[in-house]
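For reference, the structure is listed below as structure tokens.
What follows draws every value from the coordinates through simple rules; no lab data is involved. Worth saying up front: this structure is predicted, and the values here are computed from it rather than measured. Neighbour counts run over all protein chains shown; Cβ positions are idealised from the backbone, glycine included.
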Amino acid sequence: MFRHSNEPMPHIKLQDGVPGILGPMKFSPKTAEPLNALANALLLSDEGLTRGERELIGAYVSSLNDCFFCQTIHGAVASAYYDDDDWSFMNSVKTNYQESTLSEKMKALLSIAGSVQKGGKNVSEAQVAAAKLAGADDRDIHDTVLIAAAFCMFNRYVDGLATTAPSNPAIYKNRAENIVKKGYSGDSSYDPY
């Protein structure tokens, strides 16, 4: 099921049964190509932050933006990387990352990501210093800021067009497994079931 009866219809005609960001990407393949390239560059890099940490940042920022589709799919992907089968770790991060079992480095980076979500100028020198003190390097800080900024754009793209979002967690878990294996291809053969 993709829509609750009280959910609004998408603002533009999108293909039925294609949720979240996948709907607008199918609508506009020309813009989907660079968006997929950006997602792959940010989230599938093995330089610095782990893939799980990158997904965690994206899910956290999406939760701050109240983007149901993005926080759920990227939370599912992060959970797959962290072997968090029941999503309890991911939920603890979204609810109160300071009290979670995250490393001090990741807590400091999520603080920076949260500031980026409010506006880039909200990132403080003290936050950057705290992240460096906790073991983050310049690449970690750069990537955190860019992931957080990109997710603000992705979230606004998804919610600005009022895309649909399935409510069944199994759909997100299945998609997450595919993303872990194949990346963000925007593959037209995507089957949510």
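Mean Kyte-Doolittle of at least -1.0 and a Cα length of 30 Å or more along the axis: which whole DSSP H helices of the chain meet both?
The answer, listed by residue number, is 138-160.
Please work out the Cα center distance from segment 81-109 to segment 62-77, rounded to the nearest Å.
Going from one Cα centre to the other spans 14 Å.
Find the eigenvalues of the gyration tensor of the Cα atoms of segment 22-182, then list the square roots of 5 times those eigenvalues as equivalent ellipsoid semi-axes, largest first, in whole angstrom.
Computed over segment 22-182, the values are 24, 18, 15 Å.
List, in the order given, every pair from K94/K132; K94/K118; K26/K182; K105/K182 whose Cα-Cα distance in the structure shown is over 20 Å.
Where the Cα-Cα span goes over 20 Å, the pairs concerned are K94/K132; K105/K182.
Taking Cβ-Cβ under 4.7 Å as the only way to count a partner, pick out the unpartnered cysteines of the chain.
For the chain, the answer is C152, because their Cβ atoms have no other cysteine Cβ under 4.7 Å.
If neighbour count is taken as other Cβ atoms inside 10 Å, put I57, I73 in order from fewest to most.
I73, I57
What does the helix-only formula give at 222 nm for the chain: each DSSP H stretch with n ≥ 4 adding -39500 (n - 2.57), the total divided by the residues, and the result rounded to the nearest 500 deg cm²/dmol?
-19500 deg cm²/dmol
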